[in-house]
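Student: The structure is given below, and queries will be raised subsequently.
The values are calculated or read from the model by the stated rules, or taken from the named source; none is laboratory data. As the structure is a computational prediction, the values presented were derived from the model and not from experiment. Cβ atoms come from the backbone with ideal geometry, glycine included; neighbour counts cover every protein chain shown.
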Amino acid sequence: MTATAVTGSPGCGRTRSSRSPRTATDPGLSAAGVSLRVDSIDAAAARVARWFARRPTRAGNTRVLAVDGRSGGGKTTLARAVAGRLGAPVLPMDDLYDGWDGLASGVGQLVEGILRPLADGRRPRWRRYDWAAGRYGALVTLDPVGLLVVEGVGAGARAAAPLLSGLVYVAAPASLRRRRALARDGDTFIPHWDRWAGQEERYLAADDVAGRADILVNGAPGADEL
């Protein structure tokens, strides 16, 4: 599969084969076959939404779009913009993780609690994590929908791939991602940054998320709205 790169800043996009050397933007970001230059998050979201609207359904009657990437890369902003254009609900992976060491548990909930039930025509059910209490809380159900956007690291896991209609990977330099994440979450994230980053690195490498992505979005400087 050849990926399409959507870049949010001048000079970040390139036209190369999908097996080109990796870029310096993110250690897991492989270069793309086609580079689409855009100058705003709305333009990126518009391109993704138009592409995704033509994708086949793979989770029963639901098209599921996964927006993956590392913390602070711009996944949430892009996912919400795409979902707004599609009229789709957004499911954050933050609701699925089992705390700061629970990335793998979040992927398990996504596959077993949400994607497989959709594929089987059943109503998805999962436990939403209560970050304040430090444990899973309320049981959540989702009525069957035609479109669903899942955003967060783990959304594009290899285990989920057969049931996803599309995978978008968002990347940005580590220093920028850290500034964004800590500005957003403040003191809550600081003690956990390194341990969470380690989980991200292992997951992204093992599941080759960027390499399997349909679209690569570059959230580097010059696209600060990402």
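Student: Can you name the condition, by its number, that A43 falls short on among (1) touching a strand residue (DSSP E or B) at 6+ places or on another chain (Cβ under 8 Å); (2) aliphatic (A, V, I, L, M); (3) at pLDDT below 95; (4) over 22 Å from D208 (Cα atoms)?
Tutor: Failing condition for A43: (1).
Student: Check whether at least one residue in segment 168-176 is surrounded by fewer than 18 Cβ atoms within 10 Å (Cβ to Cβ) and either at pLDDT 90 or above or of a type outside the set (G, A, S) (or both), and report yes or no. First the steps, then the outcome.
Tutor: Step one: of segment 168-176, the residues surrounded by fewer than 18 Cβ atoms within 10 Å (Cβ to Cβ) are 173-175.
Next, from what is left, pick out any that are either at pLDDT 90 or above or of a type outside the set (G, A, S) (or both): 173.
The answer is yes; a qualifying residue exists.
Student: Every residue in segment 177-226 that is at pLDDT below 90, among the charged types (D, E, K, R) and surrounded by fewer than 16 Cβ atoms within 10 Å (Cβ to Cβ), please. Before the answer, list the steps.
Tutor: Quick first cut of segment 177-226, residues at pLDDT below 90 only: 177-197, 216-226.
Remaining after also requiring among the charged types (D, E, K, R): 177-180, 184-185, 187, 194-195, 224-225.
If the condition is that a residue be at pLDDT below 90, among the charged types (D, E, K, R) and surrounded by fewer than 16 Cβ atoms within 10 Å (Cβ to Cβ), then R179, R184, D185, D187, D194, R195, D224, E225 are the ones that fit.
Student: Here's another thing I want to ask about it. Please work out which one of (1) in a helix (DSSP H, G or I); (2) surrounded by 15 or more Cβ atoms within 10 Å (Cβ to Cβ); (3) not small (G, A, S) is the condition E112 fails and give its number.
Tutor: All conditions are met except number (2).
Student: Give the residues of segment 56-84 that are outside any strand (DSSP E or B), buried (at least 22 other Cβ atoms within 10 Å of the Cβ) and basic (K, R), sorted by residue number.
Tutor: Selection gives R70, K75.
Student: Within segment 97-115, which residues are touching a Lys or Arg at 6+ places or on another chain (Cβ under 8 Å) and closer than 22 Å to S165 by Cα?
Tutor: Residues satisfying the conditions are Q109, G113.
Student: Read through the list (1) surrounded by fewer than 23 Cβ atoms within 10 Å (Cβ to Cβ); (2) modelled with pLDDT of 95 or more; (3) outside any loop (DSSP other than H, G, I, E, B), then give the number of the only condition that W126 fails.
Tutor: Result: W126 fails condition (2) only.
Student: Return the only residue of V168, V111 being farther than 16 Å from V67 by Cβ and under 15 Å from the mean Cα position of the chain (by Cα). Show your work before the answer.
Tutor: Working: V168 fails: farther than 16 Å from V67 by Cβ.
After applying the criteria, what remains is V111.
Student: Here's something else I'd like to know. Does at least one position in segment 102-109 carry a residue that is of a type in the set (S, T, Y), at pLDDT 95 or above and in contact with a Gly (Cβ under 6 Å, 6 or more places away or on another chain)? I'd like the intermediate steps shown before the answer.
Tutor: At the first step, the residues of segment 102-109 found to be of a type in the set (S, T, Y) are 105.
Okay, now just the ones that are also at pLDDT 95 or above, so 105.
Restricting the remaining residues to those that are in contact with a Gly (Cβ under 6 Å, 6 or more places away or on another chain) gives none.
No - not one qualifying residue is present in segment 102-109.
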